[in-house]
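Below: one structure, written as structure tokens.
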Amino acid sequence: MKIGVRVHDFGKSDAKTLAKKAREVGFDGVQLVLNKAIEGESGLAGTLSKEKAIGFYNDFKAEGLDIFMLGAYFNPVHSDKNKVVSLTEKFREHLKFMNDFHAGYVGSETGSFNDDKWTYNPLNRTEEAFQEVKRIFKDLANSAEEYNAKIALEGAFGHCMWEPKKLKRLVDEINSDTVYYTVDIYNYLSNDNYMNHTKIFDECLELFKDKIVIFHIKDFIVEDGNIKQCCIGKGIMNFDYMLPIIKAKCPNAYLVFEGSKPEDMKFSYDFITNKLANC
């Protein structure tokens, strides 16, 4: 299996520097969020081009790295509708140039009525929220079909697609072969359900099946009753249970470290690769 990293977790720099850092750890590829990773890149629409995309592809490929996913995450239910329009067009622009990046997917989560906080709001769990998210991503799926591109959507406990079956319903109703799943088990967890994280994992595999294309790899601890992300391999995420199943059932999915600290990455990379080698 190929293992990658959200490359801006190394900090913001130029593509060649980030590629070298990722390669030094041993990663096979990256999740690239241009405006967070690359100095001088904007989060605004109208700033990408075929030439720029090919240039970034070449920078990462020179270190033997693939671009697993372009992160173009945005909040489709943000109260600032001008912002929604702008970021929707930015996502569409990523779809347009996805193949010039030689990227696998363009990814996003499904947003929150808490705007830039991306946290729980009771409105997130309404039919209104579902329909608005569907409207926007149905439109983007049409663009993905036009550009021969692929979308990876991700659920999270505090977002509009707050449980796996809601995300499954969304993808079913969008009804496009261009839409796939990113699974981030940590994102589905709360202080009340974390003991059931392997059951949530099982539910994702049962619902999403072979349309899972990315697993975000994270670990967590519990402090004073609150879950907290930690160094991969030093928490209580049950990788002994999950990794053999991923390897057997989703062998072509990418494993992507997300939110790791640079000083932890080599330890975590060795931890995950050793687990995979022994299952």
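Observations, loosely collected:
- Residue check for LYS168: in contact with a helix residue (DSSP H, G or I) (Cβ under 7 Å, 6 or more places away or on another chain), at negative phi and charged (D, E, K, R): yes
- All of LEU140, LEU170, LEU153 fail the test of being closer than 22 Å to ALA103 by Cα, part of a helix (DSSP H, G or I), under 18 Å from the mean Cα position of the chain (by Cα) and not polar (S, T, N, Q), apart from LEU140.
- Scanning the range 17-46 for residues that are over 17 Å from LYS266 (Cβ atoms), out of contact with any Leu (no Cβ under 7 Å at 6 or more places or on another chain) and among the acidic types (Asp, Glu) yields a single hit, GLU39.
- Within the range 259-273, the set of residues being assigned to a loop (DSSP other than H, G, I, E, B) and either buried (at least 20 other Cβ atoms within 10 Å of the Cβ) or not small (Gly, Ala, Ser) (or both) comprises SER260, LYS261.
- Of all the numbered requirements in (1) surrounded by fewer than 16 Cβ atoms within 10 Å (Cβ to Cβ); (2) in contact with a Phe, Trp or Tyr (Cβ under 6 Å, 6 or more places away or on another chain); (3) not β-branched (Val, Ile, Thr), ASP172 misses one, and that requirement is (2).
- Subset of the range 111-121 (residues that are within 23 Å of TYR181 (Cβ to Cβ) and either charged (D, E, K, R) or surrounded by 24 or more Cβ atoms within 10 Å (Cβ to Cβ) (or both)): GLY111, SER112
- Filtering ILE221, ILE236, ILE212 for residues that are modelled with pLDDT of 95 or more and surrounded by 20 or more Cβ atoms within 10 Å (Cβ to Cβ) leaves a single hit, ILE212.
- Considering (1) crowded, with 19+ Cβ neighbours inside 10 Å; (2) in contact with a strand residue (DSSP E or B) (Cβ under 7 Å, 6 or more places away or on another chain); (3) without any contact (Cβ under 8 Å) to a residue 40 or more places away in the chain, the lone condition that LEU243 does not fulfil carries the number (2).
- Flag if LYS138 is touching a residue at least 40 places away in the same chain (Cβ under 8 Å) and farther than 30 Å from ASP224 by Cβ: no
- Scanning the range 86-140 for residues that are of a type in the set (S, T, N, Q) and within 24 Å of ALA253 (Cβ to Cβ) gives ASN99, SER108, THR110.
- SER108 being part of a loop (DSSP other than H, G, I, E, B), among the hydroxyl-bearing types (Ser, Thr, Tyr) and crowded, with 20+ Cβ neighbours inside 10 Å: no
The values are calculated or read from the model by the stated rules, or taken from the named source; none is laboratory data. Remember, it's a predicted structure, so these values are computed and weren't measured experimentally. Cβ: placed from backbone, ideal geometry, glycine included. Neighbour counts: every protein chain shown.
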